[in-house]
Amino acid sequence: MSTTVTDQSRGASPGGRPPGTPGVLAALETVRDPELDEPITSLGFVASCTVSADGDARVRLRLPTYFCAPNFAFLMVADAYDAVSAMPGVRTVEVVLEDHFAADVINGGVAARAGFARSFDGEAVGELHELRADFLRKAVMAGTDQVCRPLAAAGRGPDALAGLTLGEVPPSPALARLRQRRAELGLPAGDDAPLLIDPATGSPLAPDAVPLHLRRAHTTRISIEANTGICRGMLRHRYAASGLGEEDQ
């Protein structure tokens, strides 16, 4: 039996018109699985979502297995709570993580704004900021592969790639996503920023470091995509119904 994450305080703009279910789903699209770097909506993790005429939002989340990592689950529940509670017109928020071995602890901890370490007192060694940053760095590497592979296929060699700036790369969804992930880490993301950087430091890469960097970027991307496919498969096996906003694969 899961407890709920709920806040009876008023939302950011309680006098506004309630956003409606599509609006709340749009907010939940900004919440990503930290490991897979995909929205919880498209992954099928949103089981249901409702908003009353008074602006009371209710969200139910689900995950591929009963034993999904509790730190990842905590981040998604907390981020979902924050995304919905920040919406104008939302009065109260209730988030329920269902069918998970640590649901009660996670739901209660997020509701109390206790943080991961206090919620898992005696089990956790700290908060999850560095974990989030580690996965963002992996997302930057995967995004680098998505952007650079077409350029390399078109004949751009290591010297040329090392000399490119983000503003010189043709616009694409992959480039926009890479810019966003870099910005979230505080890394250079403007038009004059180098395309190829060390995701840990933000330093530009020398041409002789490019081949190894791109191999690592490709390996990271393949690993994330493989894990995403596995999670989608397990979710479909566990639940017959599609999640709200889930993308067909």
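The values are calculated or read from the model by the stated rules, or taken from the named source; none is laboratory data. Please read these numbers as outputs of a predicted model, since none were measured by experiment. Glycine gets a Cβ as well: all are built from the backbone with ideal geometry, and neighbour counts include every protein chain shown.
List of remarks:
- Of all the listed residues (Arg118, Arg137), the sole one being more than 16 Å from Ala189 (Cα to Cα) and either more than 22 Å from the chain's Cα centre (by Cα) or surrounded by 12 or more Cβ atoms within 10 Å (Cβ to Cβ) (or both) is Arg118.
- Any hit, segment 144-162, residues being buried (at least 19 other Cβ atoms within 10 Å of the Cβ), touching a strand residue (DSSP E or B) at 6+ places or on another chain (Cβ under 8 Å) and either closer than 21 Å to Glu35 by Cβ or not assigned by TED's automatic domain parsing to the domain that holds Pro64 (or both): yes
- When each of Cys49, Cys68 is tested for being surrounded by 19 or more Cβ atoms within 10 Å (Cβ to Cβ) and part of a strand (DSSP E or B), the lone residue that passes is Cys49.
- Residues that are part of a helix (DSSP H, G or I), under 16 Å from Ala217 (Cβ atoms) and either among the acidic types (Asp, Glu) or out of contact with any strand residue (DSSP E or B) (no Cβ under 8 Å at 6 or more places or on another chain) (or both), drawn from segment 163-179: Ala174, Leu175, Arg177, Leu178, Arg179
- Filter pass, Asp248 being on the phi < 0 side of the Ramachandran plot, among the acidic types (Asp, Glu) and modelled with pLDDT of 95 or more: no
- Candidates Leu63, Leu43, filtered to the one that is in a loop (DSSP other than H, G, I, E, B) and either in the same structural domain as Arg137 (by TED's automatic domain parsing) or closer than 14 Å to Asn107 by Cβ (or both): Leu63
- Among (1) crowded, with 17+ Cβ neighbours inside 10 Å; (2) within 30 Å of Asn107 (Cβ to Cβ); (3) of a type outside the set (D, E, K, R); (4) within 16 Å of the chain's Cα centre (by Cα), the one test that Gln180 misses: (1)
- Out of Asp79, Asp33, Asp54, sole residue that is surrounded by fewer than 23 Cβ atoms within 10 Å (Cβ to Cβ), at pLDDT 95 or above and of a type in the set (Asp, Glu): Asp79
- Scanning segment 96-115 for residues that are surrounded by fewer than 22 Cβ atoms within 10 Å (Cβ to Cβ), in contact (Cβ under 8 Å) with a residue 60 or more places away in the chain and assigned to a helix (DSSP H, G or I) gives Asp104, Gly108, Ala111.
- Residue that is surrounded by 13 or more Cβ atoms within 10 Å (Cβ to Cβ) and touching a residue at least 12 places away in the same chain (Cβ under 8 Å), where the choices are Ala200, Ala206, Ala217: Ala217
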